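Each remark here refers to the structure printed beneath this line.
The values are calculated or read from the model by the stated rules, or taken from the named source; none is laboratory data. Keep in mind the model is a prediction, meaning the values are calculated, not measured. Reconstructed Cβ throughout: ideal geometry from the backbone, glycine too, with neighbour counts over all protein chains shown.
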Ligand SMILES: C[S@@+](CC[C@H](N)C(=O)[O-])C[C@H]1O[C@@H](n2cnc3c(N)ncnc32)[C@H](O)[C@@H]1O
């Protein structure tokens, strides 16, 4: 078993959680993804204790929570037993192609990852796996720290500008919002390109359904999320 997985197994087996997703965060999540269509399916990757997956099940999604740590899966099942069968949980290592291929292609309308992507190697490969799982109009929502907002000793838990570029390439549209100024950032990426690699990603056409207060943000110039080539729409400010 990889040493990182042992770490997470021990963490959850000892009854520890992680930074809690509060009501404010869950309300913004619900606003960002909108009400699900009947029978819409959601996948929460690296579910930990299952807060995002439970919130999605409560919104009406058929939610599947996966984590490579058995202890996290057990905790999610235990904490949210009352939400079954709308919420299910299973062990799955999202860096393992064979395990990921056990999930049906193009069958999830929403994929979420909260405080997970920074820990996974090869962000572009992760994005490719997510694209394979999403329906053509699917949404990938990633909540993460950014390295530029973290002290030196905690930068390993954040996304670098090049991670952000790898994350946001290859989507029709996208926007981001911050949970609080200088806090966690949520990327909302829509419409995976299932064809050949795109010439431009998230480009000028951007988000058609902008809300009040929205604005374009050029990732290439952005202080925190820089490193990419294309524009995304930001809600809430940098
Ligand atoms: C910081 S915790 C976040 C947990 C939860 N998403 C939350 O926000 O509370 C990171 C989670 O990612 C899981 N994880 C790390 N690497 C993984 C992998 N390769 N496949 C699936 N889950 C993974 C860990 O077991 C852990 O539950």
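Within the range 62-72, can you find the residues that are within 16 Å of the ligand (Cβ to nearest atom) and either crowded, with 19+ Cβ neighbours inside 10 Å or within 16 Å of residue 139 (Cβ to Cβ) (or both)?
Within the range 62-72, the subset within 16 Å of the ligand (Cβ to nearest atom) is 63-72.
Listed by number, the residues that qualify are 63, 64, 65, 66, 67, 68, 69, 71, 72.
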Scanning the range 108-124 residue by residue, those within 19 Å of residue 156 (Cα to Cα) and within 13 Å of the ligand (Cβ to nearest atom) turn out to be 113, 114, 115, 116, 117, 118, 119, 120, 121, 122, 123
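Regarding the range 196-203, can at least one residue be identified that is surrounded by 14 or more Cβ atoms within 10 Å (Cβ to Cβ), farther than 25 Å from residue 31 by Cα and modelled with pLDDT under 50? Before you say what the answer is, go through the steps one by one.
Start the filter on the range 196-203 by keeping residues that are surrounded by 14 or more Cβ atoms within 10 Å (Cβ to Cβ), which leaves 198, 201-203.
Still in the list and also farther than 25 Å from residue 31 by Cα: 198.
Now drop any that are not modelled with pLDDT under 50, which leaves 198.
The answer is yes; a qualifying residue exists.
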Can you pull out the residues in the range 126-178 that are without any contact (Cβ under 8 Å) to a residue 60 or more places away in the chain, more than 26 Å from residue 18 (Cα to Cα) and either within 16 Å of the ligand (Cβ to nearest atom) or out of contact with any strand residue (DSSP E or B) (no Cβ under 9 Å at 6 or more places or on another chain) (or both)? 128, 132
Are any of the residues in the range 30-52 more than 8 Å from the ligand (Cβ to nearest atom), in a helix (DSSP H, G or I), farther than 20 Å from residue 190 by Cβ and in contact with a strand residue (DSSP E or B) (Cβ under 8 Å, 6 or more places away or on another chain)? no
Just need a number here: residues in the range 78-103 that are within 11 Å of the ligand (Cβ to nearest atom) and either within 17 Å of residue 53 (Cα to Cα) or touching a helix residue (DSSP H, G or I) at 6+ places or on another chain (Cβ under 7 Å) (or both). 6
Residue count, the range 6-29, condition near the ligand (Cβ under 10 Å from one of its atoms) and touching a residue at least 24 places away in the same chain (Cβ under 8 Å), comes to 10
